[in-house]
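Structure first, then comments.
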Amino acid sequence: VYMLKTYLCVCVYIYLNIHKFPKPNFLTYYLIFIIICCWVAVRYSAKLPISRLFQLSAYIMAALAFILTGKGIHALQESGVIGINQIMPYLRWELIGIYPSRETLLAQILIMALIAGLWIQGRKPSEV
């Protein structure tokens, strides 16, 4: 932990002395942000409940899979790769990737079924 802090401080010191910037630029702010994130991660990592962290990240990944599937299919439709079979023209919620076409909704239903199947599979006790 101490070596990581020392290494980051030395890297920032060398970087700032080599390039002699008259005023801070984007890279300097980025380095400061990285250093703060490293410090927070090292300081509070012992208190983090890992199982809860993985559970939350799994929920976020499932939501992103749903959203990006809808947006990806819609982008393919706009470029003409996939045809558009429109249903319910008022059904459009771009923020979460829902578009009024049969293809996007079918792909999202399949993704949700896959996620539900994997979730059910993960809830079963493992056999040794």
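Observations, loosely collected:
- Long-range amide H partners of ILE98 with built H, under 5 Å: TRP93
- The chymotrypsin sites (Phe, Trp or Tyr not before Pro) of segment 75-128 that meet both conditions, a loop assignment by DSSP and at most 14 other Cβ atoms within 10 Å of the site Cβ, are TYR90.
- Between ALA113 and LEU76, the simple spin-label model (points 7 angstrom out along Cα→Cβ) gives 1.6 nm.
- Computed over neighbours whose Cβ is under 15 Å from that of GLU103, the net charge equals +2, Lys and Arg +1, Asp and Glu -1.
- Each label point was placed 7 Å from the Cα along the Cα-to-Cβ direction; for GLN86 and VAL40 their separation is 4.4 nm.
Each reported figure results from applying straightforward, stated rules to the coordinates on display, with no laboratory input. Every value quoted in this text rests on a predicted model; they were computed, and no experiment measured them. So basically every Cβ, Gly included, is an ideal-geometry build from the backbone, and we count neighbours across all protein chains shown.
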